[in-house]
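Chemist: Handing you a structure now.
The values are calculated or read from the model by the stated rules, or taken from the named source; none is laboratory data. If you're wondering where the values come from, they're calculated on a predicted model, not measured in any experiment. Reconstructed Cβ throughout: ideal geometry from the backbone, glycine too, with neighbour counts over all protein chains shown. We work out accessible area using only protein heavy atoms, side chains counted, and drop any ligands, DNA or RNA first. Shrake-Rupley method; radii C 1.70, N 1.55, O 1.52, S 1.80 Å.
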Amino acid sequence: MKKNKLLSVLLLAILITGCSAQADTDEDKAKEKQAIKNFPNKTIEVVIPFGEGSASDTFVRQYSKILSEHSNANFQPVNKDGSGGLLGMLYSYQQNNDGYNILEVTPSQVISDTLDKSEDIKLLDEFEPLAQIQNDIYVISVAQDSPIKSYEDLVEKSKKGKVTVGGVSSTGLDDFATSQFSNEAKINTEFIPYSSGSEVKAAALGGEVDVYLDKVVNVVDYAQSKKVRPIIVFNDKRIDKIKAFENVPSTKEKGLDVDIGSWRGFVVKKGTPKAVKDKLAKQLKDAYETDEYKKYEAMNLVDSESSYLDADEFDKKMKSEYKKFNQIAKELEIK
């Protein structure tokens, strides 16, 4: 009898504990649902994985300002510079997946994935895209007094020996873009890395390299003042909106399948609730369509073509870029 009574007490205790745990679970789910419904109700960090004053930093600070002015949230830029964007990515990974931390991404992090630069974290494994906002086009230029006057001259020069190409960072985006261009154009090049864009320009103007690779926005002033001559843009069409580039042929025009360029977008930690991602994606798109951003885009010469990609399109692009960079890394024998 006593044994049966003890068993009944134990069963009752288990039942009460189970009900209590279920109540706690239900309460947690209700709180989570309410938090998603109220999102956002505090400041959203926008992580810039590069240093202050960089093009990526300037973009995020301006975009965060526009986001804050045209939404019901405060977007706060935060710099986490180091290791080519990896430290910022690691910082974002360490935050909660609640939507209050979004990360700026560029091709640098995709290249890091390709080269397995981080054993702890991978962009494409741990984050989900929200939107691409900017797209920068590459251009190859020469000093104004260079004997290379055109793309055809560049090809002819390569038949006599290596063409030296100045750019930023070995095993970085400039190096990869140069490799893709060289393979498509079937020219023999040697990539010469420098630590900054200003050093690259100085090397080109001083005759240290034959040609140099840079983004259109960084070349336009030099082209307009006739210090350099752009000879080919890595794009499907000419950049007719900018007078200094209207007569510069595109890679597609020359029969080259070269489309590597720089871009900037935003991702969020995997596991963020879909409703939160949808709200963030809408805020990003709304900011992109404002007059303030269009003026900023035009001023910074990143409006030569539509740059916006939604989450699905951006996801496809990053995966496609990964495959492309993976192939180039093998060709460069760095993987």
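Chemist: Any idea which residue in the range 271-298 is farthest from GLU128 (Cα to Cα), counting only those that are open to solvent by 50 Å² or more (accessible area, probe 1.4 Å) and basic (Lys, Arg)?
Modeler: Ranking the qualifying residues of the range 271-298, first place goes to LYS295.
Chemist: Can you run down the residue pairs with Cβ atoms below 7 Å, 6 or more apart or on separate chains, where the first is in the range 99-115 and in contact (Cβ under 8 Å) with a residue 24 or more places away in the chain and the partner is acidic (Asp, Glu)?
Modeler: What qualifies is TYR100/GLU45; ASN101/GLU45; PRO107/GLU321; VAL110/GLU321.
Chemist: Considering only residues that are open to solvent by 10 Å² or more (accessible area, probe 1.4 Å), under 22 Å from LYS215 (Cβ atoms) and in contact with an Asp or Glu (Cβ under 8 Å, 6 or more places away or on another chain), which ones fall in the range 56-80?
Modeler: Result: SER56, PRO77, ASN79.
Chemist: Still on this structure: Residue check, GLY271 against (1) among the small types (Gly, Ala, Ser); (2) in contact (Cβ under 8 Å) with a residue 12 or more places away in the chain; (3) closer than 26 Å to TYR138 by Cα, all met but one. Which one?
Modeler: (3)
Chemist: Can I ask one more? Among the numbered conditions (1) closer than 29 Å to SER320 by Cβ; (2) touching a strand residue (DSSP E or B) at 6+ places or on another chain (Cβ under 8 Å); (3) assigned to a loop (DSSP other than H, G, I, E, B), tell me where ASP116 comes up short.
Modeler: All conditions pass for ASP116, except number (2).
Chemist: Please work out if SER198 is assigned to a helix (DSSP H, G or I) and either in contact with an Asp or Glu (Cβ under 6 Å, 6 or more places away or on another chain) or buried (at least 17 other Cβ atoms within 10 Å of the Cβ) (or both). Write out each step before concluding.
Modeler: Values: assigned to a helix (DSSP H, G or I): yes; either in contact with an Asp or Glu (Cβ under 6 Å, 6 or more places away or on another chain) or buried (at least 17 other Cβ atoms within 10 Å of the Cβ) (or both): no.
It is false that SER198 is assigned to a helix (DSSP H, G or I) and either in contact with an Asp or Glu (Cβ under 6 Å, 6 or more places away or on another chain) or buried (at least 17 other Cβ atoms within 10 Å of the Cβ) (or both).
Chemist: Can you confirm whether the range 287-307 contains a residue that is part of a helix (DSSP H, G or I), touching a residue at least 40 places away in the same chain (Cβ under 8 Å) and hydrophobic (A, V, I, L, M, F, W, C)?
Modeler: Step one: of the range 287-307, the residues part of a helix (DSSP H, G or I) are 287-288, 291-299.
Adding the requirement that they be touching a residue at least 40 places away in the same chain (Cβ under 8 Å) leaves 287-288, 292-293, 296-297.
Next cut, hydrophobic (A, V, I, L, M, F, W, C) only: 287.
Checked against the condition, which is being part of a helix (DSSP H, G or I), touching a residue at least 40 places away in the same chain (Cβ under 8 Å) and hydrophobic (A, V, I, L, M, F, W, C), the range 287-307 yields at least one hit.
Chemist: Scanning the range 218-230 for residues that are touching a residue at least 60 places away in the same chain (Cβ under 8 Å) and either under 14 Å from GLN144 (Cβ atoms) or part of a loop (DSSP other than H, G, I, E, B) (or both), which turns out most open to solvent (accessible area, probe 1.4 Å)?
Modeler: Only one residue fits best here, namely LYS226.
Chemist: Okay, next question. Quick one: GLU45 ticks every box in (1) out of contact with any helix residue (DSSP H, G or I) (no Cβ under 7 Å at 6 or more places or on another chain); (2) modelled with pLDDT under 95 bar one, so which box is it?
Modeler: Exception for GLU45: condition (2).
Chemist: When only residues in the range 41-55 that are under 20 Å from MET89 (Cα atoms) and either acidic (Asp, Glu) or more than 14 Å from the chain's Cα centre (by Cα) (or both) count, which is most open to solvent (accessible area, probe 1.4 Å)? Give the steps one after another, and end with the answer.
Modeler: Here is the first cut: in the range 41-55, the ones under 20 Å from MET89 (Cα atoms) are 43-55.
Filter once more, so that each one left must be either acidic (Asp, Glu) or more than 14 Å from the chain's Cα centre (by Cα) (or both): 43-45, 51-53.
Details: THR43: 65, ILE44: 0, GLU45: 50, GLY51: 20, GLU52: 149, GLY53: 67 Å².
Residue satisfying both the conditions and the ranking: GLU52.
Chemist: Can you find even one residue in the range 162-181 that is closer than 27 Å to GLY88 by Cα, surrounded by fewer than 18 Cβ atoms within 10 Å (Cβ to Cβ) and either of a type in the set (A, V, I, L, M, F, W, C) or without any contact (Cβ under 8 Å) to a residue 24 or more places away in the chain (or both)?
Modeler: Yes, there is a match, as at least one residue in the range 162-181 is closer than 27 Å to GLY88 by Cα, surrounded by fewer than 18 Cβ atoms within 10 Å (Cβ to Cβ) and either of a type in the set (A, V, I, L, M, F, W, C) or without any contact (Cβ under 8 Å) to a residue 24 or more places away in the chain (or both).
Chemist: Going by the conditions given, is LYS215 of a type in the set (Lys, Arg), in contact with a Phe, Trp or Tyr (Cβ under 8 Å, 6 or more places away or on another chain), more than 30 Å from GLN95 (Cα to Cα) and in contact (Cβ under 8 Å) with a residue 40 or more places away in the chain? Give the steps one after another, and end with the answer.
Modeler: Details: of a type in the set (Lys, Arg): yes; in contact with a Phe, Trp or Tyr (Cβ under 8 Å, 6 or more places away or on another chain): yes; more than 30 Å from GLN95 (Cα to Cα): yes; in contact (Cβ under 8 Å) with a residue 40 or more places away in the chain: yes.
When the stated conditions are applied, LYS215 passes them.
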